[in-house]
Amino acid sequence: MKKLNFLFLMLMATSVMFTSCSDDDPNPNPGPDPEDEFVLSENITEDRTLESGNVYTLASRVSVLNGVTLTIEPGVIIKGEAGSGANATALIIARGGKIMAEGTADDPIIFTSIADEIQPGEVFHQDGLSPNQNGLWGGLLILGRANVSLAGGNTEAQIEGIPPSDTNGLYGGSDDEDNSGVLRYVSIRHGGANIGDGNEINGLTLGGVGSGTVIENVEIIGNQDDGIEWFGGTVNVTNAVVWNAGDDSIDADQAWNGTLNNFIIVNGGDKCFELDGPEGAYVNGNYTLTNGSIIAGGAVGLVDNDANTNVDMSNIYFTSVASGQTFDELPTVAAAFSNFEVTLPAELMVSDVFLGGSAAFTTAVAEGENTVGADKSAFAGWSWAAASGALDILK
């Protein structure tokens, strides 16, 4: 009898095992459960905190809504699912929402792809994705209520990269001191998913973001579109590195009126700088780019201005420059350029690279002898660019 009972139990166990593994299982490899506390799949409608030591999955396009604050503690990793078109994953801080992403030099906050095996405590995964892999998820968009210069006298617009049907993509207004929160010690990697017709998402998009917002110590790595793009607004950015942008590394539009201070571009993509002027009648002085080091690498060009680009650029150092990479033209509106230095290969002169009168404020220097540029010590320890040696050419 005992033997019969034993055989019966074995048959039942075998039946259960085969049933659970059969081809009839409708979802043998389920993805992230949207009810999982570590999955972000719906708009954030009340204050929420992502806690240190955790890895969160961004499973869709998620907006932090008006009046809501998303707090991200040091060391958090957010991994975006793959997707394109309307299914591209992205985190949007809508107008009136806030992000409080305050990492530290010891524990940066990392946005990356679900394909990245990086875990909390790592600056990068030794056998993980390469720094030039891009388009694997969307990106981070912060939208505010500051002034933007738009054609037709409009004061707001839909941000590029977000479908027009999603009104959380609106930006612009009249509050130049608007506060969208804090980004500090944040690394954004492998983004730029295409939503259609060549319309990709930038690594960090800043649309109408006001001066009450703090952005310090940020890096953008391997983004398929631009590294950082400003659409109007008044926000300042300090200590930024853009490495392996697919399109432009630094892009400014629509009468942005802030300052980018202490920044590094590595392997500049299409243009290292795509600098546009106002699109409408609204103009509020010039934006400022200062204390930057440019490792041009495979960039198509160095600086591309429009005739009406309202920019002041100073203390910029260029190296790893090749034939055909140029500063194309100076704006015809009031703009100030000063203290450019460049290390050139033996076959090139300053006038071969810096065109349209820009050679007048540019000096050739030997490698390592530059007196202007970024302070790369700001990126030590926390950034993948520094940890990988990508900045070693800079003194």
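The table for this structure:
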| quantity | calculated |
| --- | --- |
| Scope the stretch 81-103; condition open to solvent by less than 10 Å² (accessible area, probe 1.4 Å) and either free of Cβ contacts under 8 Å to residues at least 40 places away in the same chain or more than 21 Å from GLU160 (Cβ to Cβ) (or both); matching residues | ALA101, GLY103 |
| Pick from the stretch 60-80, criterion of a type in the set (A, V, I, L, M, F, W, C) and open to solvent by less than 40 Å² (accessible area, probe 1.4 Å), ranking: farthest from LEU183 (Cα to Cα) | VAL62 |
| Whichever residue in the stretch 215-229 is in contact with a Gly (Cβ under 7 Å, 6 or more places away or on another chain) and not in a loop (DSSP other than H, G, I, E, B) and, among such residues, is surrounded by the fewest Cβ atoms within 10 Å (Cβ to Cβ) | ILE228 |
| Residue in the stretch 255-271 that is open to solvent by 30 Å² or more (accessible area, probe 1.4 Å), farther than 29 Å from PHE379 by Cβ, at pLDDT 95 or above and among the acidic types (Asp, Glu) present | no |
| Tally of residues being small (Gly, Ala, Ser) and outside any loop (DSSP other than H, G, I, E, B) across the stretch 88-106 | 2 |
| Every pair of residues 6+ apart whose Cβ atoms lie under 7 Å, when the first sits in the stretch 277-291 and is free of Cβ contacts under 8 Å to residues at least 40 places away in the same chain and small (Gly, Ala, Ser) while the second is open to solvent by 20 Å² or more (accessible area, probe 1.4 Å) and in a loop (DSSP other than H, G, I, E, B) | GLY285/ASN257 |
| Pairs, first touching a residue at least 60 places away in the same chain (Cβ under 8 Å) in the stretch 210-228, second among the β-branched types (Val, Ile, Thr) and not in a strand (DSSP E or B), C-beta under 7 Å, six or more apart | GLY210/THR234; GLY210/VAL235; SER211/THR234; SER211/VAL235; THR213/VAL235; ASP225/ILE201 |
| Residues satisfying the stated conditions in the stretch 357-385, i.e. of a type in the set (Gly, Ala, Ser) and in contact with a strand residue (DSSP E or B) (Cβ under 7 Å, 6 or more places away or on another chain) | SER358, ALA364, GLY373, ALA374, ALA378, SER383, ALA385 |
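The values are calculated or read from the model by the stated rules, or taken from the named source; none is laboratory data. Because the structure is a prediction, the values reported are computed rather than measured. Because the Cβ atoms are built from the backbone with ideal geometry, glycine has one as well, and the counts that use them run over all protein chains shown. Side chains are part of the model used for accessible areas, which takes the heavy atoms of the whole protein and leaves out ligands, DNA and RNA. Shrake-Rupley method; radii C 1.70, N 1.55, O 1.52, S 1.80 Å.
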